[in-house]
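Pasting a structure here, questions to come.
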Amino acid sequence: MKYAHIVGWGSYRPDKILTNNDLARMVDTSDEWIFTRTGIRERRIASERETTATLAFEAAARALVVADMHPSQVDLIIVATSTPEYIFPATASRVQDYLGATRAGAFDLSAACSGFVYGLSMAAQSIQSGAVRNAVVIGAETMSRVLDWEDRGTCILFGDGAGAVVLKGSSIPGGVLASTLRSDGSGGDMLSLPAVYHNPMPMLGPEYLRNGHQKNTVAMNGRQVFRFATQVVADSIEETVLKAGLTMDEVALIVPHQANVRIIETAAKRLRVPVERFYMNVESMGNTSAASIPIALCDAVSEGRLRPDDNVVFVGFGGGLTWAASVLKWDVTPPEVSLPRREWRRARYIVARTRSKLKKWRRKIIDTVAGSPTPNARMRDADKKQ
Ligand code: UT7
């Protein structure tokens, strides 16, 4: 029997901070309204040079340092995101290239704010089945690029960032113990983000899109999502803890999707668990969708909230509708990685980038010699930007 243990974790948050007071200068809102309704004070915003893939890469690289693992040992990379730069190539493939994870399969996973828990469960099962030995699961978002900055009902909630974990197969019992994944597509319109080619009024033809009627921004019915979330968070935690053969008293920490303090407080009440057992960093990060749980996990670890052998629960909910929970035993103490070794690790990503560029040049030369068209100009420009 194989067990999938978390052996590395890392997060990345962009430098730029957008406070509630900054938002109050953009839309009709206030720090007081946002903080009392959501618990959010500020969020991070990606710079022009940053993309979901670069945020994901930074988080994954940090997680691999903690795991003391070479990228070539990674068999699978899953990026949970709702804000990929491209439908394809997958963000995960770009991360694979940036890392130089030459032996990894890579794909994106779309389950909105539940995506990280879905990805964790998929990766753990791949390890448990023996199909892969090691996997990197990343939640990464640039939500700021898909918000309507004139809609005060949504733009105040979200932020950018990325978090990652490294999962490793082991014969030692522990790691991911149980997961529950659920969906209710009938509630899809409660929280949505149209794809670029989606025409919501097909009877009016493509002209409708050309006239600028389409909005590729997040739309949400806040009250309905709030009601849905308060129901599913408590239920899915309870169900998964039971599946893992544990009781709520044996759970040391719950790391929920960071959407709203009031949702978390309501779930704590329903479960009759002290709210202190829920980790929260929504105040400083806002809602980073699929990235929120792994970022919160990293903060919890650095604040000493997790000790070896603690049972921890991750719970996510969001668009789809989707919701998911995982229970795991936190049983691996990271090795001490010395500073020179850390720096050496960073250097190999420069080697990976150089190797990637050489491969592109080689293809270009072959194209020129063979007389076929040059590669996709958009991708080339994106590469130049980074
Ligand atoms: O990852 C999952 C993502 N989504 C969520 O987690 C969202 C869950 N829902 C929520 O967190 C809450 O529903 C919100 C924070 C979005 C809204 O809080 P609420 O207590 O449900 O407010 P509401 O939508 O019922 O609106 C109350 C009032 C309305 O004014 P009227 O109609 O009572 O005059 C809104 O127009 O607050 C107004 N309002 C605002 N006022 C100041 C809505 N947004 C704002 C705002 N600033 N940003």
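Tell me which aspartates and glutamates have Cα within less than 12 Å of K360's Cα, excluding those fewer than 8 residues away on the same chain?
Filter leaves D97, D383.
Further, regarding this structure: Hey, with R₀ at 30 Å, roughly what FRET efficiency would D309 and R227 work out to, going by the Cβ-Cβ distance, to 0.05? Don't skip to the answer; put the middle values down first.
Values: r = 36 Å, r/R0 = 1.21.
Result of the calculation: an efficiency of 0.25.
At 222 nm, what value in deg cm²/dmol follows for the chain if DSSP H runs of at least 4 each add -39500 (n - 2.57) and the sum is divided by all its residues, to the nearest 500? Don't skip to the end; give the middle numbers.
Numbers: 12 runs with 145 residues, N = 386.
Rounded to the nearest 500, it is -11500 deg cm²/dmol.
With every protein chain present, what accessible area does I366 have (1.4 Å probe, heavy atoms only), rounded to the nearest 10 Å²?
Rounded to the nearest 10, that gives 90 Å².
Let me ask another. Rounding to the nearest 20 debye, state how big the charge dipole of the chain is about its Cα centre with +1 on each Lys and Arg Cβ and -1 on each Asp and Glu Cβ.
Working: 47 positive and 40 negative charges, 304 e Å.
Around 1460 debye, computed over the chain.
Would you please give the residues with an amide H less than 5 Å from that of G153, counting only those at least 5 places away or on a separate chain, with H modeled from the backbone geometry?
Those qualifying (amide H under 5 Å, at least 5 residues apart or on another chain) number zero.
Any idea of E265's accessible area? Nearest 10 Å², probe 1.4 Å.
80 Å²
Using 1/(1 + (r/R0)^6) with R0 = 30 angstrom and r between the beta carbons of V351 and R49, what's the FRET efficiency to the nearest 0.05? Write out the running numbers ahead of the final one.
Working: r = 21 Å, r/R0 = 0.71.
Here the calculated transfer efficiency is 0.90.
Within the set of other residues whose C-beta is less than 10 Å from the C-beta of I40, count the net charge using Lys and Arg as +1 and Asp and Glu as -1.
0
Once a ≥ b ≥ c are taken as the square roots of the eigenvalues of the Cα gyration tensor of the chain, is the result rounded (a/c under 1.5), prolate (a/b larger than b/c) or oblate (a/b not larger than b/c)? Walk me through the numbers on the way to the answer.
Details: a/c = 1.63, a/b = 1.07, b/c = 1.53.
Oblate, because a/c is 1.5 or more while a/b does not exceed b/c.
Note the full-extension length gain between E250 and R363 as 0.36 nm times their separation in residues minus their Cα-Cα distance, in nm to one decimal. List each step's numbers first, then the result.
Working: separation 113, 0.36 × 113 = 40.68 nm, distance 5.57 nm.
Residue separation times 0.36 nm, minus the Cα-Cα distance, leaves 35.1 nm.
Under 10 Å, Cα contacts only: if you run a Gaussian network model on the chain, which one of Q96, Q125, Q224 comes out with the highest mean-square fluctuation?
Q224
What figure in square angstrom, to the nearest 10, would you give for the accessible area of Y98 with a 1.4 Å probe?
Only protein atoms counted, so the area is about 10 Å².
Please list W344, W33, W330 in order of solvent-accessible area, largest first, computed with a 1.4 Å probe with all protein chains present.
Details: W344 170, W33 110, W330 15 Å².
Accessible-area ranking of W344, W33, W330, largest first: W344, W33, W330.
How much of the accessible area of the stretch 232-292, probe 1.4 Å, is carbon plus sulfur, in whole percent? Provide the component values of the computation, followed by the final result.
Numbers: 1160 of 2380 Å².
Roughly 49 percent of what the probe reaches on the stretch 232-292 is carbon or sulfur.
Roughly how many Å² is the accessible area per residue of the chain, as a whole number, for a 1.4 Å probe?
Values: 18000 Å² over 386 residues.
Per-residue value: 47 Å².
Stretched out fully, how many nm does the piece from A219 to D22 gain, at 0.36 nm a residue minus the Cα gap?
On the way: separation 197, 0.36 × 197 = 70.92 nm, distance 2.17 nm.
The span from A219 to D22 would gain 68.7 nm if fully extended.
If you don't mind, there's one more thing I want to ask. Starting from the Cα of K243, step 7 Å toward the Cβ, then list every residue of the stretch 280-319 with an amide N under 18 Å from that point.
What the label zone holds, given the 18 Å backbone N cut-off, is 311-318.
Taking the dipole about the Cα centre of the chain, with the C-beta of Lys and Arg at +1 and of Asp and Glu at -1, give me whichever of V315, L23, A63 is farthest to the positive side.
A63
Any idea how far apart I172 and Q128 come out in nm if each label point goes 7 Å out from Cα toward Cβ?
Between I172 and Q128, the label points sit 1.9 nm apart.
Here's another thing I want to ask about it. If you average the alpha carbon positions of the stretch 51-106 and of the stretch 1-41, how far apart do those two centres end up, in angstrom?
Going from one Cα centre to the other spans 22 Å.
Mind giving me the FRET efficiency for A370 and I87? R0 is 25 Å, r the Cβ-Cβ distance, nearest 0.05 is fine.
On the way: r = 28 Å, r/R0 = 1.13.
The pair A370/I87 has a calculated efficiency of 0.35.
The values are calculated or read from the model by the stated rules, or taken from the named source; none is laboratory data. Remember, predicted model here, so these are calculated numbers, not experimental data. With ideal geometry, Cβ positions are generated from the backbone for all residues, glycine too; neighbour counts draw on all protein chains shown. Protein only, heavy atoms only, side chains kept; ligands, DNA and RNA dropped before computing areas. Shrake-Rupley method; radii C 1.70, N 1.55, O 1.52, S 1.80 Å.
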